[in-house]
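Notes follow once the structure below has been shown.
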Amino acid sequence: MTLPYSDARALADDARTRALELGKALAIAVVDYGGFITLIERMDGARPMTADIALSKAYSAAVMQRPTEMLENWRNSDPVFFTQVGRMGQRPIVATKGGFTLKRDGEIIGGVGISGGSPDEDQQLVLDIVKAAGFDTDFPQWAGARRG
């Protein structure tokens, strides 16, 4: 299954609407399952780095097949290995809030990342748009992951 552009467009439109309601200027990035860009936008007034940060969040969520917030335990439990793996792909792997894996009917089809608010605002916004679009939001912990 591939990620249709129409889904990426709908996620970005919903994120923009919600950001405007919050009075935030943000960037949103959507990638396919391989981490390749489907869509990236930076709202007027968003800081210049927000687009790159959103793209790294989306990439990480897609290729690691877990929301980026779930990567924090891995980063904290094995920082040296995490740092090395984080440099291997086309983009940095980040373990922070605001990136979510796009999964439909149990199949990973991409990732979405938001940057521009606080970490908690980015996380809530990305979760809200993913849920509203009907994507799966349940991800099991990785085997062997240490709990905080």
Starting from 0 in steps of 10 Å, tell me what percent of the Cα-Cα pairs of the chain lands in each bin. 13, 46, 33, 8, 0
Given charges of +1 on the Cβ of Lys and Arg and -1 on the Cβ of Asp and Glu, with all other atoms neutral, how large is the dipole of the chain about its Cα centre, in debye to the nearest 20? 400
Any chance you could tell me what percent of the C-alpha pair distances in the range 77-137 go past 19 Å? 43
Mind giving me the nanometre distance, one decimal, between the label points for Thr17 and Asp120, set 7 Å out from Cα along Cα→Cβ? 2.6
Summing -39500 (n - 2.57) over every DSSP H run of at least 4 residues in the chain and dividing by its residue count gives a helix-only mean residue ellipticity at 222 nm, to the nearest 500 deg cm²/dmol, of -12500 deg cm²/dmol
Accessible area per residue in Å² at 1.4 Å probe, computed on the chain: 50
What relative contact order, as a whole-number percentage, does the chain give when Cα pairs under 8 Å and 6 or more residues apart are counted? 27
With R₀ set to 30 angstrom, the calculated FRET efficiency between the beta-carbons of Ile37 and Ser77, to the nearest 0.05, is 0.50
I'd like the distance between the alpha-carbon centres of the range 75-148 and the range 27-55, rounded to an integer number of Å. 14
Diffusion constant of the range 2-46 at 10 °C, which comes from Stokes-Einstein with the Kirkwood Cα-pair radius and 1.306 mPa s, µm²/s: 146
In the neighborhood of Thr2, defined by Cβ-to-Cβ distances under 11 Å, what is the net charge if each Lys or Arg adds +1 and each Asp or Glu adds -1? -2
R0 = 22 Å: FRET efficiency of Asp44 with Gln141, Cβ-based, nearest 0.05? 0.05
Accessible surface of the chain, 1.4 Å probe, proportion on carbon and sulfur as whole %: 51
Total charge of the residues flanking Val94 in space, meaning their Cβ is under 13 Å from its Cβ, with Lys and Arg +1 and Asp and Glu -1, is +2
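The values are calculated or read from the model by the stated rules, or taken from the named source; none is laboratory data. Predicted model, so just to flag it, every value in this text is computed and none were measured. Note: ideal-geometry Cβ built from the backbone for every residue, glycine included; neighbour counts use all protein chains shown. Remember, those area values only see protein heavy atoms, side chains included, never the ligands or the DNA or RNA. Shrake-Rupley method; radii C 1.70, N 1.55, O 1.52, S 1.80 Å.
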